[in-house]
Amino acid sequence: MGKYVFGVDLGGTTVKLGLFETDGKLLDKWEIPTRKEDNGSKILPDIAAAIKNKMSDKGLEKNDVVGVGIGVPGPVDDKGIIYKAANLGWGKFSVNEELAVLLGGIPVKAGNDANVAALGEMWKGGGEGYSNLVAVTLGTGVGGGIIVNGRILTGATGAGGEIGHIHLEDDETESCGCGNKGCLEQYASATGIARLARKKLKDTDKASSMRSHKEISAKTVWDAVKSGDELAIEVANEFGEYLGKGLAAIACVVNPEVFVIGGGVSKAGEVILKYIEGPYKKYVFHASRDTKFALASLGNDAGIYGSARMVLD
């Protein structure tokens, strides 16, 4: 049995790679550029070459490696088939099979990047010690990963965990990036929080430190919240109402032990949790009312940790 495992986090700009021992100890991590030309045809060969080079540097043989896990930006089913990754130029094919061939037969396990990051947080991050969790990534959009009994919930076509597209607002007039209107992502993402703030500033003459900023960002809002800005606190409450309601709906389906909140918005710290927990408890089914909330702790390494853990399953 091999002693080592590789974790790969495939992003639109860079590919992050990690070499781990099977107990989760990170031995080495590095990056290579994501070459998306020719419909992404160079991406998997580049990853295979990077892994082979690292094995050579470390004196590792094929039998020393349990396998390679890879998180990719698109829906992936349990067999490692990706259905589409538009920003990479990929259509439907088996990532497991193609990368395994390039690696000379080393086993490969592919998963959706958000789901994989959730697995990483369960293994060695903010969700360590739990086996049922929902990881929520509040960035440009709202991503999610659902872990049930220690395993990723992928769904039929790998779209399980797309929590950012839960419908919450019937009266929304603007479209979400997915094409629908009124998605959670439109109110709880970094861009959504900034959008709520701009609307609030436009609709009232109330004084706010946010008015001194030419560009409003989620950081602008949370910095103002921390300073006691009343209008920013109104925005935070609105954000929390939407996200709390969305997470309450998820809890009725998967009943997690903990929600792990990550992404750029989570850098505001513990302050964001109190705005989520109150509305969550108001809307959730009573059996899930004591679900815990925690901040993600692995940052940009969550993907490589989760990819490695996926192989060990």
With the structure loaded, tell me whether residue 231 is part of a helix (DSSP H, G or I) and either farther than 30 Å from residue 155 by Cβ or not assigned by TED's automatic domain parsing to the domain that holds residue 193 (or both) or whether it fails that test.
yes
Looking at this structure, is residue 260 more than 17 Å from residue 141 (Cα to Cα), assigned by TED's automatic domain parsing to the domain that holds residue 161 and in contact (Cβ under 8 Å) with a residue 24 or more places away in the chain?
no
Enumeration of residues in the stretch 1-48 that are farther than 21 Å from residue 82 by Cα and not in a strand (DSSP E or B)
1, 2, 3, 22, 23, 24, 25
Filter result for residue 22 (in contact with a helix residue (DSSP H, G or I) (Cβ under 8 Å, 6 or more places away or on another chain) and among the hydroxyl-bearing types (Ser, Thr, Tyr)):
yes
Taking the condition of being surrounded by fewer than 24 Cβ atoms within 10 Å (Cβ to Cβ) and polar (S, T, N, Q), how many residues in the stretch 135-147 meet it?
1
Taking the stretch 199-223 as the region of interest, how many residues are touching an Asp or Glu at 6+ places or on another chain (Cβ under 9 Å) and either buried (at least 16 other Cβ atoms within 10 Å of the Cβ) or of a type in the set (Lys, Arg) (or both)?
6
Restricting to the stretch 234-256, give me the number of residues that are assigned to a loop (DSSP other than H, G, I, E, B) and surrounded by fewer than 17 Cβ atoms within 10 Å (Cβ to Cβ).
1
Out of (1) closer than 22 Å to residue 309 by Cα; (2) in contact with a helix residue (DSSP H, G or I) (Cβ under 7 Å, 6 or more places away or on another chain); (3) among the hydrophobic types (A, V, I, L, M, F, W, C), the one residue 55 does not meet is (2)
For residue 132, which of the numbered conditions (1) modelled with pLDDT under 90; (2) surrounded by fewer than 22 Cβ atoms within 10 Å (Cβ to Cβ); (3) within 18 Å of the chain's Cα centre (by Cα) fails to hold?
(1)
Under 8 Å between Cβ atoms, which residue pairs at least 6 apart in sequence (or on different chains) link something in the stretch 166-192 that is polar (S, T, N, Q) with a partner that is at pLDDT below 95 and not in a loop (DSSP other than H, G, I, E, B)?
180/165; 189/138; 189/142; 189/164; 189/265
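The values are calculated or read from the model by the stated rules, or taken from the named source; none is laboratory data. These numbers were taken from a predicted model, which means no experiment stands behind them. Heads up, the Cβs are rebuilt from the backbone with ideal geometry, glycines too, and the neighbour counts pull from every protein chain shown.
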